[in-house]
1. Within the range 93-120, how many residues are aromatic (F, W, Y) and more than 22 Å from E157 (Cα to Cα)?
2. Is it the case that the range 188-203 has a residue that's out of contact with any Lys or Arg (no Cβ under 9 Å at 6 or more places or on another chain) and of a type in the set (S, T, Y)?
3. Could you grab me the full set of residues in the range 199-216 that are of a type outside the set (D, E) and surrounded by fewer than 19 Cβ atoms within 10 Å (Cβ to Cβ)?
4. Go through the range 85-113 and count every residue that is assigned to a helix (DSSP H, G or I) and either surrounded by 18 or more Cβ atoms within 10 Å (Cβ to Cβ) or not acidic (D, E) (or both).
5. List the helices (runs of 4 or more DSSP H) inside the range 223-279, counting only whole elements, that have at least 1 residues being in contact with a helix residue (DSSP H, G or I) (Cβ under 9 Å, 6 or more places away or on another chain), modelled with pLDDT of 75 or more and not aromatic (F, W, Y).
6. So is E154 farther than 20 Å from Y85 by Cβ and either crowded, with 17+ Cβ neighbours inside 10 Å or modelled with pLDDT of 95 or more (or both) or not?
7. Out of everything in the range 42-84 that is among the aromatic types (F, W, Y) and under 26 Å from K138 (Cβ atoms), what residue ends up being surrounded by the most Cβ atoms within 10 Å (Cβ to Cβ)?
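The values are calculated or read from the model by the stated rules, or taken from the named source; none is laboratory data. In this text, all values refer to a predicted model and were calculated from it rather than measured experimentally. As a convention, Cβ positions derive from the backbone with ideal geometry for all residues, glycine included, and neighbour counts pool all protein chains shown.
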Amino acid sequence: MKCINFLICFSIIIFSISCAEKKTKISVVKENNLEMQMIEAYNEGLEELNKGDIFFAAKKFNEVELIYPQSVWAPRSNLMAAYAYYSQLYFNDAIYELERFLSKYSNHPDTDYAYYLLAICHYNQIQNEKKDLGEIIKARQYLTLLVKEYPDTEFAEDAKFKLELIHEILASKELYLANYYLDREKWIPAINRYKKIVNEYDTTIFIEEALYRLVELNYKLGLEEEAMKYSVLLGYNYQSSDWYDLSYKILNKKNQKTLIDKDVENQKSLLKKFKDLLK
């Protein structure tokens, strides 16, 4: 009886071990099979991308994520799908893939690249100063993030350059709106727009015209002291400018021109004295 019980227990143990080995083998085979499918899908995606069929390429890259989402190739495939759309200027599809990547793989080493490509997708959709600000604001948001969060990358260097261009575009939009109000004789909204250029975009090429228009409008409204103030500012910073010469025609008085010149010279003299103190 004892012998029979021993044989039964031994058989159960052997059966359990064999089942465990079978499950392990099945698991390994299944994992290997998934990896092969993933590699095959990724390679097909690359092949179709090189052929120019970006939609089928993106589909194959997305397949990689579905087949083996835990693989290191899953986030890479997500980025490749985004790049496929971007390469053929399908910016909205690329943006969708990039936003999904940043949400799903927020700690991935290529996050800086994802933000850069996202910024470029918005940047490339900027048309001109007359269009909606949406793409300009989003591009500036992501470019600023790159400069702050990834300052030592090559992406940050390009981001700085593009931010300067965006600054110019925003200034041109303000000037366009200011001139729009000026043409319709809406003086106060126009003045406010020109002032915004002076206060926020004084490093752009649009500052000279904005200062001149403030001279023009303030003089038109009888605010001669305000007009004089902007004339002095224009003369002090841009004395060789055509806009500076036009400001005198607006004021239209010889003594005013003399006073402006005197004020400009006084400011230069004070600045020189201040610099001498620092030597």
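1. Taking the range 93-120 as the starting set, the residues that turn out to be aromatic (F, W, Y) are 96, 101, 105, 113, 115-116.
Filter again for more than 22 Å from E157 (Cα to Cα), leaving 96, 101, 105.
Summing the residues that are aromatic (F, W, Y) and more than 22 Å from E157 (Cα to Cα) in the range 93-120 gives 3.
2. Within the range 188-203, one or more residues are out of contact with any Lys or Arg (no Cβ under 9 Å at 6 or more places or on another chain) and of a type in the set (S, T, Y).
3. Those that are of a type outside the set (D, E) and surrounded by fewer than 19 Cβ atoms within 10 Å (Cβ to Cβ): N199, T203, I205.
4. Quick first cut of the range 85-113, residues assigned to a helix (DSSP H, G or I) only: 85-87, 91-104, 111-113.
Going one step further and asking which of them are either surrounded by 18 or more Cβ atoms within 10 Å (Cβ to Cβ) or not acidic (D, E) (or both), we end up with 85-87, 91-98, 100-104, 111-113.
Residues meeting the conditions: 19.
5. 224-237, 242-251
6. On the way: farther than 20 Å from Y85 by Cβ: yes; either crowded, with 17+ Cβ neighbours inside 10 Å or modelled with pLDDT of 95 or more (or both): no.
Considered against the rule, which asks whether it is farther than 20 Å from Y85 by Cβ and either crowded, with 17+ Cβ neighbours inside 10 Å or modelled with pLDDT of 95 or more (or both), E154 comes out as no.
7. Result: F61.
Yes or no, residue by residue, for (1) among the small types (G, A, S); (2) without any contact (Cβ under 8 Å) to a residue 60 or more places away in the chain; (3) not in a helix (DSSP H, G or I):
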{"residue": "L34", "(1), (2), (3)": "no, yes, no"}
{"residue": "E40", "(1), (2), (3)": "no, yes, no"}
{"residue": "G45", "(1), (2), (3)": "yes, yes, no"}
{"residue": "A58", "(1), (2), (3)": "yes, yes, no"}
{"residue": "V64", "(1), (2), (3)": "no, yes, no"}
{"residue": "P69", "(1), (2), (3)": "no, yes, yes"}
{"residue": "A82", "(1), (2), (3)": "yes, yes, no"}
{"residue": "Y116", "(1), (2), (3)": "no, yes, no"}
